[in-house]
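Only one structure is covered here, and it is reproduced in the block below.
The values are calculated or read from the model by the stated rules, or taken from the named source; none is laboratory data. As the structure is a prediction and not an experimental result, all values here were calculated from the model. Reconstructed Cβ throughout: ideal geometry from the backbone, glycine too, with neighbour counts over all protein chains shown. Remember, those area values only see protein heavy atoms, side chains included, never the ligands or the DNA or RNA. Shrake-Rupley method; radii C 1.70, N 1.55, O 1.52, S 1.80 Å.
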Amino acid sequence: MQLSAVVTGAARGIGRSVVVQLRAAGYRVLALDIAPEVKDLAETDQVVPLVADVTADDTPRATIDRAVAEFGQLDLLVNNAARFLRRPVLDTSDEDFDGLIATNVRPAFRFARAALPRLAETRGCIVNTASISGLIGVPHQVAYAMTKGAIVQLTRQLAVEWAARGVRVNAVAPGAVDTGFMDEARAADPDPAASLAVTLSNHPIGRMSTPDEVARAIVFLAAPESAGITGTILSVDGGYVAR
Ligand SMILES: NC(=O)c1ccc[n+]([C@@H]2O[C@H](COP(=O)([O-])OP(=O)(O)OC[C@H]3O[C@@H](n4cnc5c(N)ncnc54)[C@H](O)[C@@H]3O)[C@@H](O)[C@H]2O)c1
């Protein structure tokens with residue numbers, strides 16, 4: 001039986017690479033994003049694109065139901081959609097904070113809750129995209145880092161709660177990745193080049209990771225051959241947290 005997956009935040013960056021790599025590994029994929037560009041993925045056969053907002057109340061349940069209707073089963077959920085905010089704590093408004101929780105945390109919980117009974121039927125798994133910002137302190141990211149800390153703990157919590165039912169739950173924790181994600185934040189810095197230099201100097205490999213490198217770790221954690229791995233937060237950070 002062919003494996004099937006739901007990937008959120010699939011229009012670009014890491015999520016898009018995950019869809020491409022899952023396809024190469026033989027999965028059928030429901031690829032969700034708020035950005036209409038996700039429809040481009042339909043050119044890859046056996047990818048069902050879905051333009052939807054993960055924060056909408058009915059999106060998680062409707063998406064999981066749609067995947068099961070399309071594929072007959074669900075083997076993998078990749079909770080990947082998120083927004084970034086670089087802002088010092090005293091400049092972080094209630095709206096900033098609530099908005100990041102609403103996008104980065106609540107949907108991951110609600111997607112997982114909708115998917116878990118289906119994943120138990122297939123002994124499937126969840127892979128969440130966390131961040132090194134959820135593991136260590138990084139200046140001027142308090143709201144974003146708190147959301148990623150929540151993703152780390154969502155991962156561990158569900159891993160221990162659902163292991164007996166055969167569902168594995170893991171996460172990747174990327175360092176800086178060369179996607180559009182932080183470009184806008186960096187562009188708003190007074191000196192974007194200096195900001196980039198600081199970012200690179202924090203990564204012992206001297207460069208950002210690529211979306212494909214992070215996607216490779218997600219696909220590895222998802223693979224049936226990784227059946228012994230659950231509750232793991234796999235850093236893909238060029239040595240950032242090892243320093
Ligand atoms: N890029 C980095 O440096 C970096 C570092 C650590 C962790 N991450 C994490 O990796 C994941 C993917 O980030 P990326 O770098 O590929 O970013 P990206 O901005 O390229 O991709 C994120 C995708 O999520 C989608 N999205 C955002 N809000 C959404 C919503 N409400 N509903 C549906 N889709 C929505 C966006 O449209 C976009 O396509 C995120 O969870 C991010 O926190 C990224």
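Stretching MET1 away from ILE101 to a fully extended chain increases their span by 32.3 nm, per 0.36 nm per residue minus the current alpha-carbon distance. A cut-off under 13 angstrom between Cβ atoms defines the neighbours of HIS140, and their net charge, with Lys, Arg +1 and Asp, Glu -1, is 0. Backbone phi angles across region 18-24, fed through the Karplus curve with coefficients 6.51, -1.76 and 1.60 (θ = phi - 60°), yield HN-Hα couplings of 4, 4, 4, 6, 5, 4, 4 Hz in residue order; Gly and Pro are listed as x.
Here the chain has 55 percent of its accessible surface on carbon and sulfur atoms, given a 1.4 Å probe and all protein chains in place. For region 168-184, backbone phi angles converted through the Karplus equation (6.51, -1.76, 1.60; θ = phi - 60°) give residue-by-residue couplings of 9, 9, 9, 9, 9, 10, x, x, 5, 10, 7, 10, x, 3, 9, 4, 5 Hz, Gly and Pro being listed as x.
3J(HN,Hα) couplings calculated from phi for region 84-98 with the Karplus curve 6.51 cos²θ - 1.76 cosθ + 1.60 (θ = phi - 60°) are, in sequence order, 10, 8, 9, 7, x, 4, 6, 9, 8, 7, 4, 5, 4, 5, 4 Hz; Gly and Pro show x.
What accessible area per residue comes out for the chain, rounded to a whole number of Å², with a 1.4 Å probe?
45
Once the gyration tensor of the Cα atoms in the chain is diagonalised, the equivalent ellipsoid follows with semi-axes of 28, 19, 18 Å, ordered largest first. Spacing of the modelled spin labels on THR210 and ILE229, each 7 Å from Cα toward Cβ, amounts to 2.0 nm.
Packing around the peptides 227-240, 142-155, 92-105, taken as the average count of other Cβ atoms within 10 Å per residue, puts them in this order, highest first: 142-155, 227-240, 92-105.
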